[in-house]
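The values are calculated or read from the model by the stated rules, or taken from the named source; none is laboratory data. Since the structure is predicted, the reported quantities are computational estimates derived from the model, not experimental observations. Note: ideal-geometry Cβ built from the backbone for every residue, glycine included; neighbour counts use all protein chains shown. Protein only, heavy atoms only, side chains kept; ligands, DNA and RNA dropped before computing areas. Shrake-Rupley method; radii C 1.70, N 1.55, O 1.52, S 1.80 Å.
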Amino acid sequence: MSEQQPESIGRAWLDVVATARRSAADGLVVGTSGNVSARVGDLVLVTPSGVPYDRLGPRDAVGVDLEGRQVLGDLGPTSELSLHLAVYRSTGAAAVVHTHAVHATAVSTLVTEVPLVHYAAAILGGPVRTAAYARYGTPELAEAMLGALADRTGCLLANHGTVTYGDTLDQAYERTAQLEWLCRLWLTASSVPGRTPTLLDAAQLDEVTEALKGYGQPG
C-alpha cells in the first residue's frame, strides 16, 4: 500500500485482514475459504482470492469500485466479489462477512428458514432464510442471496455458507457468529431422539426485537 493513500483506507484494510484472520481462528472458514470486505466511500476493500489470511499485510490491500473495477492493489479480488457488491448496492452496509461455518452450512442443506429456537434470530432481523443454491461467484447466487436478505442482515447460502453485513466489521462478524451459534443450537436440540424443539412464535420474536432497541450501554 502506498504512503499516498488515505489513512482511513489503511486502517480499514487492517480491520479487513484482522476480521478474516478471526474467522479462521474461530473455525468459521478453512484455508482460504470465505471472504471479508469493508466499504470506505465508493471503495470496497476485499480479501484477495486464494491467499492465506496470515500472509496478508498492509501493502496487500485490494480495492474495487462499486462496479467491480479494481482500483487498488496487485492481487486479484475474491471470487465472491459479486456477493459483496450486491450487498453494498442494495443496503447501507459498511462491512460484509462471508463464511463456510460448519453448523450453518449443515443447516443450509436441511431447511429453507432457520427454525426459531432462540431469540438471537432478532439480531439478524428475524427468521434467517436460506438462499437457493447457485454456483459460487455467479450473478445467480448474488440474486438469490439478495432475496434471502430482504429485511434481514444475514442469510444462509444453500450448500455453501453464510453472509452477514453491518455498519462495522465488528457488527457484521458478531452477526455471523450469532448465526453459526443459532444453527448449532437447532442442530443440537433437534438431534435428541423422540423430541422436537419448542420454537418461538412471531409475537415473541417481535417482543425481543423491541427490547433490543434499548440493549447495551447508552451512546
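Scanning region 159-184 for residues that are within 10 Å of the chain's Cα centre (by Cα), within 16 Å of Thr112 (Cα to Cα) and not small (Gly, Ala, Ser) turns up Thr162, Val163, Leu179.
Applying the set (1) more than 30 Å from Trp186 (Cα to Cα); (2) part of a helix (DSSP H, G or I); (3) touching a strand residue (DSSP E or B) at 6+ places or on another chain (Cβ under 6 Å) to Leu75 leaves exactly one unmet item: (2).
Close Cβ contacts (under 9 Å, 6 or more residues apart or on different chains) running from residues in region 126-146 that are part of a loop (DSSP other than H, G, I, E, B) to residues that are of a type in the set (D, E, K, R) and open to solvent by less than 20 Å² (accessible area, probe 1.4 Å) comprise Tyr136/Glu80; Gly137/Glu80. Would you confirm whether or not region 38-47 contains a residue that is buried (at least 20 other Cβ atoms within 10 Å of the Cβ), closer than 19 Å to Tyr173 by Cα, free of Cβ contacts under 8 Å to residues at least 60 places away in the same chain and not β-branched (Val, Ile, Thr)? Checked region 38-47: at least one residue is buried (at least 20 other Cβ atoms within 10 Å of the Cβ), closer than 19 Å to Tyr173 by Cα, free of Cβ contacts under 8 Å to residues at least 60 places away in the same chain and not β-branched (Val, Ile, Thr). With respect to being in contact with a strand residue (DSSP E or B) (Cβ under 9 Å, 6 or more places away or on another chain) and without any contact (Cβ under 8 Å) to a residue 40 or more places away in the chain, Cys155 fits the description. Across region 1-34, the qualifying residues are those that are at pLDDT 95 or above and hydroxyl-bearing (Ser, Thr, Tyr), and the one among them that is surrounded by the most Cβ atoms within 10 Å (Cβ to Cβ) is Ser23.
Condition check: open to solvent by 60 Å² or more (accessible area, probe 1.4 Å), acidic (Asp, Glu) and either more than 30 Å from Thr188 (Cα to Cα) or in contact with a helix residue (DSSP H, G or I) (Cβ under 6 Å, 6 or more places away or on another chain) (or both). Does Asp54 satisfy that?
On the way: open to solvent by 60 Å² or more (accessible area, probe 1.4 Å): yes; acidic (Asp, Glu): yes; either more than 30 Å from Thr188 (Cα to Cα) or in contact with a helix residue (DSSP H, G or I) (Cβ under 6 Å, 6 or more places away or on another chain) (or both): yes.
Yes: the conditions hold for Asp54.
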